[in-house]
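Accompanying notes for the structure given below.
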Amino acid sequence: MDTGGVSAIQAPMEPIIMDTTGGQLHCEQPIPRVHHVRLPGERMVDLMRRAAHSVAFAFHLDPEVTAAQTDLEYSAETAVLLDGVISRSVLRGAVTLARDAERVAATGADQLFIILVEAGTVDVQPTRSGRRLREGDILILDLKKAATLVNTDYTAMMVVISRSLLPKAARNLDLHCTEIRADHPLARVITSTTHRLWEDSRRMTPAQGSVVFQGVIEILGLALTDTRRARGEEMSLRAGAEAIVDDHLKSAGLTPASIAERLGVSRATLYRTFAPYGGVARFIDERRLQRAWTLVSSPVGPPIAEVASLCGYASKARLTRAFVSRLNATPDAVRAATGEARDRLNERAALEIMDSWDRRSGRATATPEPAVEGRYRPAPRPLDSGAFAAHP
């Protein structure tokens, strides 16, 4: 996921909110975005250092070697959905992204990294076909395995998802370096729908974005099960646990103990697997809160009490406590908010989502690239206690 650089767009008189990649986080719409461009007068090597920092959870990028190219150009824009990340990158030049066994062990990232090539070429090692990927092709990488990419003069959509989001028929397939070729009947549908979602998510609610994104993943899963090169393999412990959580989120009986029992492992083993999240219980709490936020923030969502039931909360009061604890606002206040109040709630929720993805992707535990001087991510601004005070 290319997320290096910072945005040239800055809201006047407002603190700049930086995400952990050095990009500028935009929260004026319900689905947060991170913009990345080269600033006027900025050295290309500094931009590529931020790019290296942004992909460190998955790949090594040499900023000095990359920036030494004549006429190199790079930009990216990322939409951060509740269940995945979609980034569109434009590169003029060549960049090598390497993920070796040492980085796999160090980061612990266990997502799927999907590249949808719009223009240019992508060389991947290891390769299943021996061919160079071109316009219309789709490549799937499993981040628990090693790979090297050489991208040349390309425009591409990049999607990062948990394996648990795939349809059950595709979850246990060995998908590493699997290719969906441009002539596959579903390839154009996947690419065009992903691009449309990336573009139109600026105007979508989180609930709308989630529905469209789930549709894309369903189609992708169908195409992957059609691919004869895919081989079966056992799902990792973490991916299996994530799938159980997402499939049983509304159940009040979903606990670390119940997940460990279903997977046939000890609670200690399961906890170690989820250490980057802060433990299994925290992961469950975050997924429940994210799903609840999607439903509550939609003006046409179900009643708040029904949201609590759908997301596994024992009562509306429990849901309210969770919202106040993490968002400093009640569900009723979120649904009723308009104008600046809603913008500030979107900002707080966006920071929570970004933090969750940092830990879920392994970025929070990865060995970071050298820090970019002057870049920071300040604590969220406190919300107006009068506008969002918790009800007794």
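The values are calculated or read from the model by the stated rules, or taken from the named source; none is laboratory data. Here the structure is a predicted model, which means the values were calculated and not measured. Note that each Cβ is placed from the backbone with ideal geometry, even for glycine, and that neighbours are counted across all protein chains shown. Accessible surface is based on the protein model in full, side chains and every heavy atom, while ligands, DNA and RNA are left aside. Shrake-Rupley method; radii C 1.70, N 1.55, O 1.52, S 1.80 Å.
Please determine whether any residue of segment 122-145 is in contact (Cβ under 8 Å) with a residue 12 or more places away in the chain, within 22 Å of I353 (Cβ to Cβ) and either in contact with a strand residue (DSSP E or B) (Cβ under 9 Å, 6 or more places away or on another chain) or β-branched (V, I, T) (or both). Looking for residues that are in contact (Cβ under 8 Å) with a residue 12 or more places away in the chain, within 22 Å of I353 (Cβ to Cβ) and either in contact with a strand residue (DSSP E or B) (Cβ under 9 Å, 6 or more places away or on another chain) or β-branched (V, I, T) (or both), one finds at least one in segment 122-145, hence yes. Would you confirm whether or not segment 84-91 contains a residue that is in contact (Cβ under 8 Å) with a residue 40 or more places away in the chain, open to solvent by 30 Å² or more (accessible area, probe 1.4 Å) and either among the hydrophobic types (A, V, I, L, M, F, W, C) or assigned to a loop (DSSP other than H, G, I, E, B) (or both)? Yes: one or more hits. If you check I31, I9 for being in a loop (DSSP other than H, G, I, E, B), open to solvent by less than 20 Å² (accessible area, probe 1.4 Å), β-branched (V, I, T) and modelled with pLDDT under 90, only one passes: I31. Considered as a group, the residues in segment 236-266 that are within 20 Å of the chain's Cα centre (by Cα) and not in a helix (DSSP H, G or I) include one that is modelled with the lowest pLDDT, and that residue is S236.
S192 - would you say it is over 17 Å from the mean Cα position of the chain (by Cα), part of a helix (DSSP H, G or I) and modelled with pLDDT of 85 or more? Judged against the criteria, S192 is a match.
One residue stands out among those in segment 145-173 that are open to solvent by 10 Å² or more (accessible area, probe 1.4 Å) and at pLDDT below 90: the one that is nearest to the chain's Cα centre (by Cα), which is L165. Kindly indicate whether any position in segment 220-233 is in contact (Cβ under 8 Å) with a residue 12 or more places away in the chain, farther than 20 Å from S356 by Cα, open to solvent by less than 10 Å² (accessible area, probe 1.4 Å) and of a type outside the set (A, V, I, L, M). There is at least one residue in segment 220-233 that is in contact (Cβ under 8 Å) with a residue 12 or more places away in the chain, farther than 20 Å from S356 by Cα, open to solvent by less than 10 Å² (accessible area, probe 1.4 Å) and of a type outside the set (A, V, I, L, M). Scanning segment 37-76 for residues that are outside any loop (DSSP other than H, G, I, E, B), charged (D, E, K, R) and open to solvent by 30 Å² or more (accessible area, probe 1.4 Å), which turns out nearest to V160 (Cα to Cα)? Ranking the candidates gives R49 first.
Among the residues of segment 279-318 satisfying the criterion of being modelled with pLDDT of 90 or more and touching a Cys at 6+ places or on another chain (Cβ under 7 Å), which is surrounded by the fewest Cβ atoms within 10 Å (Cβ to Cβ)? Ranking the candidates gives R288 first. If you check T269, T191, T178, T255 for being out of contact with any helix residue (DSSP H, G or I) (no Cβ under 6 Å at 6 or more places or on another chain), hydroxyl-bearing (S, T, Y), in contact (Cβ under 8 Å) with a residue 12 or more places away in the chain and open to solvent by 50 Å² or more (accessible area, probe 1.4 Å), only one passes: T255.
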